[in-house]
Amino acid sequence: MNPVLALENVGVAYRRGRSLRSGELYWALKDISLSLGHGETLGVIGRNGVGKTTLLKVIAGIIAPDRGQIRNAGVSASLLSLQVGFVPLLTGRENAILSGMLLGAPKSRIEENMDELVAFAELEEFIDEPVSSYSAGMRARLGFSVAMQANPDVLLIDEVLGVGDAAFRKKSSEEIQRRIRSNRSVILVSHNTQVMAKLCDRVVWIEQGVSRMQGEAGEVLAAYEASV
Amino acid sequence: MTPHYLQLILYKARADLKVEAARGYMGMLWWVLEPVLYMGAFYIIFSVALQRGGEHFVPWLLIGLVAWKWFDTTVRMSLNAITAGKGLMSQVYLPKVFFPAVVILKNTVKFLVTLGLLLLFLLFYGVGSWSWLAIPLLLVAQLLLVCGVTFSVAALTPLYPDLKLLMNNVLMLMFFLSGVFFDTSNLQGWLGMLLDLNPMVHIIHAWRDVLLFGQWPDMFHLIVVLLFSVAMCWLGLFLLHRYDRLYPRLA
């Protein structure tokens, strides 16, 4: 299998203190290796603070690693983020375009899919109102629907959480799961081993910034649970 | 810079302008009112209170102020542009030139409104001339200077936060030494040479030649400023590119 994306011995260091050049180095990620095949769903499991969020930022190209290599077969990778760049005084429609473009979707495609997006967010009557007049739930629904416009080759997900009220939470969580199961390559970070077992083909277990084990989901999850 | 990001810069600048207009009750009227009040304040101080002046003093002063304000506001806003974008850039990848480019674009739109007002005033005052055909040239020259300084300053301030305080004072000094209030060509010796190092001196001079005195701008100085601007643009873009994936990690 040819991986679309592979990390080899990747490390990321932050400096303690404020200075850029001096100060003790703190390695948030020490030695991470993993590979992702086309159409595969790879889970990343580990306890709090082992650098999972930093790892996703490296894969998304937001920050550069301080050592190691990223091999990318020319694919785009981006984080599933909600309400990116929302501006309260703009209308829902304007925010959908702005936020969608920030997530990498072409403006023409967002405009084309606007009716569908609005229907999914259940905001037909409010889409031309400023977002500052929305309730938190309405904003969350719009944010989620816009995020679904992003169409990267590799989708990076930090916890599969539904948003909004009970009904929308169910609908949004189903929509994410549908995308994960589709033929898209996905890297999924979660604490929930049951969700991981259900959704992932393979899992990487990270401990203290090091990728400790990588392999078939059931196997790695069993080893992880035994160690906790 | 792909077409997608160019389109995004345009959309974001438009959105920001819209938000600004939506914020107050008077909306877009402020785009006109603000420069009028700004120019009015200086007019009262210099022409009425201090009794400075002579022939054409008011248009002469206003031209300098309008050109200066475009430069000053844009550079000031760029000091924080990247730091303020931290939340955004840690969620999605963006080429960092996005942040100063949005600042430049929206200030340029506002400047064009102000310039329109100024030209109306000058026509009314009775100094319109054929030399106004050189306006696009001056727009390009000053835009390049604004871009060069803005890109460089925006790229450096997140790395060296002290630069923010320093730049505030440098801008004030440049303002007083830019010849907005006095004619720098009267100065001789080392002081004159020092002032010549300020690129805005030459830009303001060129605007006055073209708009007020019906002359073509001094091409030699304009070309020197142009070369400086291109070098600064290159430096700024180089730094923004080089530290592209470092900025999201800075506090």
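The values are calculated or read from the model by the stated rules, or taken from the named source; none is laboratory data. It should be emphasised that the depicted structure is a prediction, and the values quoted were computed from it without experimental measurement. Here the Cβ positions follow ideal geometry from the backbone for every residue, glycine too, while neighbour counts run over all protein chains shown. Note: accessible area is taken over every heavy atom of the protein model, side chains too, but ligands, DNA and RNA are not part of it. Shrake-Rupley method; radii C 1.70, N 1.55, O 1.52, S 1.80 Å.
Entry remark, segment B:164-182: residues being open to solvent by 70 Å² or more (accessible area, probe 1.4 Å) and among the aliphatic types (A, V, I, L, M) number 4 in total. Being open to solvent by less than 60 Å² (accessible area, probe 1.4 Å), away from chain B (no Cβ under 12 Å), outside any loop (DSSP other than H, G, I, E, B) and not charged (D, E, K, R) is true of A:Met138. If the condition is being under 15 Å from the mean Cα position of the chain (by Cα), of a type in the set (A, V, I, L, M, F, W, C) and open to solvent by less than 10 Å² (accessible area, probe 1.4 Å), then segment B:54-65 contributes B:Ile63, B:Leu65. If we keep just the residues of segment B:183-220 that are open to solvent by 20 Å² or more (accessible area, probe 1.4 Å), among the polar types (S, T, N, Q) and assigned to a loop (DSSP other than H, G, I, E, B), which is farthest from B:Leu62 (Cα to Cα)? Per the criteria, the residue is B:Gln188. When B:Tyr38, B:Tyr43 are checked against the criterion of being under 20 Å from the mean Cα position of the chain (by Cα), more than 14 Å from every other protein chain (Cβ to nearest Cβ) and among the aromatic types (Phe, Trp, Tyr), a single residue qualifies: B:Tyr38.
Could you tell me whether segment B:160-167 includes any residue that is assigned to a helix (DSSP H, G or I), away from every other protein chain (no Cβ under 14 Å), in contact with a helix residue (DSSP H, G or I) (Cβ under 8 Å, 6 or more places away or on another chain) and over 17 Å from B:Ile203 (Cα atoms)? Yes, that holds for at least one residue.
Tell me, please, whether a residue that is over 22 Å from B:Val66 (Cβ atoms) and modelled with pLDDT under 90 can be found in segment B:217-237. No: segment B:217-237 contains no residue that is over 22 Å from B:Val66 (Cβ atoms) and modelled with pLDDT under 90. Selection over segment A:113-135 of residues that are within 13 Å of another protein chain (Cβ to nearest Cβ), open to solvent by 60 Å² or more (accessible area, probe 1.4 Å) and not in a helix (DSSP H, G or I) gives a count of 1. Of the numbered criteria (1) surrounded by fewer than 19 Cβ atoms within 10 Å (Cβ to Cβ); (2) assigned to a loop (DSSP other than H, G, I, E, B), the one B:Ile223 fails is (2). Being among the small types (Gly, Ala, Ser) and either in contact (Cβ under 8 Å) with a residue 24 or more places away in the chain or at negative phi (or both), is that true of even one residue in segment B:114-121? Yes, the conditions are met somewhere in segment B:114-121. Considering only residues that are more than 7 Å from chain A (Cβ to nearest Cβ), within 18 Å of A:Gly92 (Cβ to Cβ) and open to solvent by less than 60 Å² (accessible area, probe 1.4 Å), which ones fall in segment B:4-18? Scanning segment B:4-18 gives a single hit, B:Asp16. Exactly one residue out of A:Val163, A:Val203 is over 24 Å from A:Gly137 (Cα atoms) and crowded, with 16+ Cβ neighbours inside 10 Å: that is A:Val203.
Among the residues making up segment B:226-251, those that are among the aliphatic types (A, V, I, L, M), away from every other protein chain (no Cβ under 14 Å) and surrounded by 15 or more Cβ atoms within 10 Å (Cβ to Cβ) are B:Leu226, B:Met232, B:Leu235, B:Leu237, B:Leu240.
Residues in segment B:168-221 that are of a type in the set (D, E, K, R) and farther than 28 Å from B:Ser78 by Cα: B:Asp183, B:Asp209, B:Asp218. One residue stands out among those in segment B:19-30 that are open to solvent by 40 Å² or more (accessible area, probe 1.4 Å) and within 27 Å of B:Ile63 (Cα to Cα): the one that is nearest to the other protein chains (Cβ to nearest Cβ), which is B:Glu20.
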